[in-house]
Amino acid sequence: DSPMGEAFREIRTRLMFSGPAEQQRSLLIASPSPEDGRTVVATNLAVTMAQAGSQVLLVDANFRQPKVSKIFEGCGGPGLSNALVEQSDWRDMIHEVRPNLFVLGAGPLPPNPAELLGSNSMRDIVAEMSQRFDRVIFDSGPALVVTDPVALASIVDGVILAVRAGVNSKGVVQRARNTIRDSGGNIVGAVLNGVRAMSGGYLRKHYETFYEYREPAALPASV
């Protein structure tokens, strides 16, 4: 119940109207650089979709600096990397963390992340996940620093580019877009992350209007 929560519901709505759901079952959250907020976008988008009733699987595909298991306790240990080397079935390693929301951690960090994420095994697993869940959301690494998300981009249905306001230049964003597109990835949109509400600006007014528009919370009944 906040402007940030409403912003992610708006992203969810825009995805619903941007194309058929069956063509957007698997989504990769990518970004140009580290610390652009990929995990924030991936996690909150997954939660928002689960709240709407969709069965959602959030997958940590960042084999360099996995963070999803740090957000959801109990999701560490075996994960995606184990499934990719056929040590375990991915279905046996998912965790239900909230109603309709499931998490698959990264697992032990492999020495060859890009090769695993671009492999036929990954392609098969993504297809299986897409049959089991309404939405599969992958967190990944920075596209201009490592090739891991670029390898995965051509396997999933769509890519959402997370861009940090005031940090990523226009040229950097364009280069990340071109890198993903050149690999065969389908960019369905971008999220401008880290926008600050400045005094007197549109965002400040939006925040004020949001809180003014909400109905006052009901007082608890007296005992």
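What shape does the chain have by the C-alpha gyration tensor, where a ≥ b ≥ c are the square roots of the eigenvalues, rounded means a/c under 1.5, and otherwise prolate means a/b greater than b/c and oblate the rest? Walk me through the intermediate numbers first.
Working: a/c = 1.96, a/b = 1.35, b/c = 1.45.
Since a/c reaches 1.5 but b/c is at least a/b, the shape of the chain is classed as oblate.
Provide the solvent-accessible area of ASP124, counting protein heavy atoms only and rolling a 1.4 Å probe, rounded to the nearest 10 Å².
90
What are the residues whose amide H is under 5 Å from the amide H of ALA190, where those residues sit 5 or more places off or on another chain and H is modelled from the backbone?
Correct list: LEU161.
Can you give me the angle between helix 120-132 and the longest principal axis of the chain, using Cα atoms only, in degrees from 0 to 90, rounded to the nearest 10?
The answer is roughly 40 degrees.
By accessible area of protein heavy atoms, probe 1.4 Å, what ranking do LYS67, LYS170 get, highest first?
On the way: LYS67 70, LYS170 150 Å².
The most accessible residue leads, giving LYS170, LYS67.
Under 5 Å between amide H atoms, partner at least 5 residues away or on a different chain: which partners does ARG164 have, H built in plane at 1.01 Å?
ASN193
What accessible area per residue, rounded to a whole number of Å², is obtained for the chain using a probe radius of 1.4 Å?
Numbers: 11860 Å² over 223 residues.
Averaged over the residues of the chain, the accessible area is 53 Å².
If I fit a long axis through the Cα atoms of helix 3-18 and take the longest principal axis of the Cα atoms of the chain, what angle between them do I get, 0 to 90°, rounded to 10?
60
Measure off 7 Å from each Cα along the Cα-to-Cβ vector at SER54 and LEU109, then give the distance between these two points in nanometres to one decimal.
3.1
If you stretched the chain out fully between ILE71 and GLU86, how much longer would it get, using 0.36 nm times the residue separation minus the C-alpha to C-alpha distance? Don't jump to the answer; show the numbers that get you there.
Details: separation 15, 0.36 × 15 = 5.40 nm, distance 2.60 nm.
Extending this stretch completely gives an extra 2.8 nm.
To the nearest 500 deg cm²/dmol, what mean residue ellipticity at 222 nm is calculated for the chain from DSSP H runs of n ≥ 4 alone, each contributing -39,500 (n - 2.57), summed and divided by the residues? Don't skip to the answer; put the middle values down first.
Numbers: 9 runs with 88 residues, N = 223.
Roughly -11500 deg cm²/dmol at 222 nm, from the helical runs in the chain.
Quick one: go through the stretch 9-50 and flag any residue whose amide nitrogen is under 17 Å from the point 7 Å out along the Cα-to-Cβ line of GLN131.
Only 22-23, 25-26 pass the distance filter.
How far, in degrees from 0 to 90, does helix 202-213 lean away from the longest principal axis of the Cα atoms of the chain, to the nearest 10?
70
Sorted by accessible area (1.4 Å probe), largest first, how do ILE94, ILE29 line up? Write out the running numbers ahead of the final one.
Details: ILE94 40, ILE29 0 Å².
The ordering from most to least exposed comes out as ILE94, ILE29.
Got a number for carbon plus sulfur as a percent of the chain's accessible area, 1.4 Å probe? Mind showing how you got there, number by number?
Details: 5960 of 11860 Å².
Whole-percent figure for carbon plus sulfur exposure: 50.
The values are calculated or read from the model by the stated rules, or taken from the named source; none is laboratory data. Remember, predicted model here, so these are calculated numbers, not experimental data. Quick reminder, even Gly has a Cβ in these numbers, built from the backbone with ideal geometry, and neighbours come from all protein chains shown. Please note that ligands, DNA and RNA were not included when accessible areas were found on the heavy atoms of the full protein model with its side chains. Shrake-Rupley method; radii C 1.70, N 1.55, O 1.52, S 1.80 Å.
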